[in-house]
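One structure below.
The values are calculated or read from the model by the stated rules, or taken from the named source; none is laboratory data. Because the structure is a prediction, the values reported are computed rather than measured. We place every Cβ from the backbone using ideal geometry, glycine too, and count neighbours over all the protein chains shown.
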Amino acid sequence: MSASSTAEVPFVPKTKVGRITDFVDERVGGSGILREFGRKVFPDHWSFIFGEVALYSFVILLMSGTFLTFFFDPSMAETHYSGSYTPLTNVEMSVAYSSSLNISFDIRGGLFFRQVHHWAALLFVASLACTCCACSSLAPSASHVK
């Protein structure tokens, strides 16, 4: 091998924005700070995945719950069902249950949003439990702390 093939070729940006960014980075040295910050924002340990799943499922809970809030009536007053689900026609039930049936059968995408909300809630609780177990198994025990 020749000596010229082992020498590193310096990085030369091709765009004007790339040249400006490279110039600023050479003067300020911000890439090291960004690299360290990125390592903290996106940790590489496996136990942090449960916290991220909890966060994302909580966001899904907020969005699906907001959608469902527009159509749900939490009243416990008695009513006779008159929706599109025929096996329950004229059955006496609460207004809350009647509105749940209306969300499921009469609103486009209502049953899908109810299921998404249900499974996101289960996943949220499970991921929080796994986070607590992972944190307690990774933390040093009290007998080792002096």
Report task. Pull up the stretch 90-124, narrow it to residues that are in a loop (DSSP other than H, G, I, E, B) and in contact with a Phe, Trp or Tyr (Cβ under 9 Å, 6 or more places away or on another chain), then point me to the one that is surrounded by the most Cβ atoms within 10 Å (Cβ to Cβ). Result -> 107
Query raised in the report: Got a number for residues in the stretch 8-47 being at pLDDT below 70 and of a type in the set (Gly, Ala, Ser)?
Result: 1
